[in-house]
1. Could you list all residues from segment 160-214 that are more than 18 Å from V227 (Cβ to Cβ), of a type in the set (G, A, S) and assigned to a loop (DSSP other than H, G, I, E, B)?
2. So is G137 on the phi > 0 side of the Ramachandran plot and surrounded by fewer than 17 Cβ atoms within 10 Å (Cβ to Cβ) or not?
3. Considering only segment 14-28, state which residues are at pLDDT 70 or above, open to solvent by less than 100 Å² (accessible area, probe 1.4 Å) and not aromatic (F, W, Y).
4. Give V110, V156 a once-over and let me know the one that is under 27 Å from S205 (Cα atoms), open to solvent by less than 20 Å² (accessible area, probe 1.4 Å) and not hydroxyl-bearing (S, T, Y).
5. Just checking, how many residues over segment 232-252 are under 20 Å from the mean Cα position of the chain (by Cα) and surrounded by fewer than 18 Cβ atoms within 10 Å (Cβ to Cβ)?
6. Please indicate, with yes or no, whether at least one residue in segment 79-92 is open to solvent by 10 Å² or more (accessible area, probe 1.4 Å) and under 14 Å from the mean Cα position of the chain (by Cα).
7. Does segment 191-213 contain at least one residue that is aliphatic (A, V, I, L, M) and surrounded by fewer than 20 Cβ atoms within 10 Å (Cβ to Cβ)?
Amino acid sequence: MELWPWLIAALLLLLLLAQLSRSARFYAKIGLYCAFCFTASAMAAVVCLLRHGGRTVENMRIISWFVRSFKYAYGLRFEVKGRETLDEDRPCVIISNHQSILDMMGLMEVLPDRCVQISKRELLFLGPVGLIMYLGGVLFINRQHSQTAMSVMTDVGERMVREKLKVWIYPEGTRNDNGDLLPFKKGAFYLAIQAQVPIIPVIYSSFSSFYSCKTKLFTSGTIQVEVLDAIPTRGLTVADVPKLLDTCHQAMRTHFFHISKIPQENGAPLGPDTQEAQ
């Protein structure tokens with residue numbers, strides 16, 4: 001039985017529903033985004049296998065090209081400041097804020113050469129998406145088993161220096177669209193200190209003006225991206241992890257509020273409810 005007619009019919013139904021309500025438009029765009037991800041992953045996997053024959057960080061160039069094309073379908077623009085810091089030829093740990101499933105587009109927009117991500121192991125089983133992540137050299141960790149995760153991170157630190165890799169980590173550990181940054185987990189900072197490589201913070205402005213799960217908003221928009229100066233870890237030890245974490249968190253939080261144009265009072269962001277009360 002042919003599957004394509006049913007997929008086409010489903011997409012046409014979504015487009016029809018999208019004309020009826022804001023919620024329907026939101027879910028139609030999310031559905032289309034997921035369809036793009038699976039289709040592009042399948043196509044990119046074929047190109048990666050033909051070009052490089054298997055799993056290698058060099059495949060990220062191919063994957064990045066496919067994913068960057070998504071922004072045209074959604075009317076999204078990225079304005080990047082400080083990209084040259086990412087392009088320096090040296091191993092490093094890159095950390096950024098994590099807001100939604102759209103982060104993949106932002107990641108690929110600025111992804112430097114020889115850069116891999118650390119991701120939860122469950123994503124490996126997402127069909128063609130998991131396959132293309134594997135082919136791109138993504139490093140998977142089992143967050144349910146801390147001992148295994150620590151072993152993987154130790155191996156990553158050694159490999160970073162040996163192969164001059166950049167490693168991209170979301171230190172919040174989960175997606176967060178509350179208009180602020182969640183507390184950071186320590187893994188990225190242990191890794192940077194263990195490998196004695198710098199940390200480069202990358203901040204994406206809030207998506208709330210064009211994307212929100214709570215209000216079912218999904219329109220076109222512009223994302224400001226700011227790459228901060230590298231923070232050295234040479235000479236630091238495990239005892240310095242808390243201070244390093246706090247330094248990065250405060251710097252990223254300050255720049256997040258600034259480029260997102262989120263007002264603050266006493267260092268805390270004013271959310272929609274607070275602003276309405278005022």
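The values are calculated or read from the model by the stated rules, or taken from the named source; none is laboratory data. On a predicted model such as this, the values are computed, not experimentally measured, just so you know. Cβ atoms come from the backbone with ideal geometry, glycine included; neighbour counts cover every protein chain shown. Protein only, heavy atoms only, side chains kept; ligands, DNA and RNA dropped before computing areas. Shrake-Rupley method; radii C 1.70, N 1.55, O 1.52, S 1.80 Å.
1. G173, G179, S208, S209
2. Numbers: on the phi > 0 side of the Ramachandran plot: yes; surrounded by fewer than 17 Cβ atoms within 10 Å (Cβ to Cβ): no.
So G137 fails the test.
3. Taking segment 14-28 first, the residues at pLDDT 70 or above are 21-28.
Still in the running and open to solvent by less than 100 Å² (accessible area, probe 1.4 Å): 21, 23-24, 26, 28.
Of everything in segment 14-28, those that are at pLDDT 70 or above, open to solvent by less than 100 Å² (accessible area, probe 1.4 Å) and not aromatic (F, W, Y) turn out to be S21, S23, A24, A28.
4. Values: V156 fails: under 27 Å from S205 (Cα atoms).
The conditions single out V110.
5. Pass one, segment 232-252, residues under 20 Å from the mean Cα position of the chain (by Cα): 245, 248-252.
Those left that are additionally surrounded by fewer than 18 Cβ atoms within 10 Å (Cβ to Cβ): 250-251.
The total comes to 2.
6. Looking only at segment 79-92, we keep the residues that are open to solvent by 10 Å² or more (accessible area, probe 1.4 Å), and these are 79-85, 87-91.
With the extra rule that they be under 14 Å from the mean Cα position of the chain (by Cα), the set shrinks to none.
Scanning segment 79-92 turns up no residue that is open to solvent by 10 Å² or more (accessible area, probe 1.4 Å) and under 14 Å from the mean Cα position of the chain (by Cα).
7. Kept after step one, since they are aliphatic (A, V, I, L, M), are these residues of segment 191-213: 191-193, 195, 197, 199-200, 202-203.
Pick out the ones that are also surrounded by fewer than 20 Cβ atoms within 10 Å (Cβ to Cβ) and you get none.
Scanning segment 191-213 turns up no residue that is aliphatic (A, V, I, L, M) and surrounded by fewer than 20 Cβ atoms within 10 Å (Cβ to Cβ).
The rows are residues; the columns are (1) touching a helix residue (DSSP H, G or I) at 6+ places or on another chain (Cβ under 6 Å); (2) closer than 30 Å to H52 by Cα.
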position: F125; (1), (2): no, yes
position: F140; (1), (2): yes, yes
position: K164; (1), (2): no, yes
position: R175; (1), (2): no, no
position: G179; (1), (2): no, no
position: L182; (1), (2): no, no
position: Q194; (1), (2): yes, no
position: C213; (1), (2): no, no
position: F218; (1), (2): yes, no
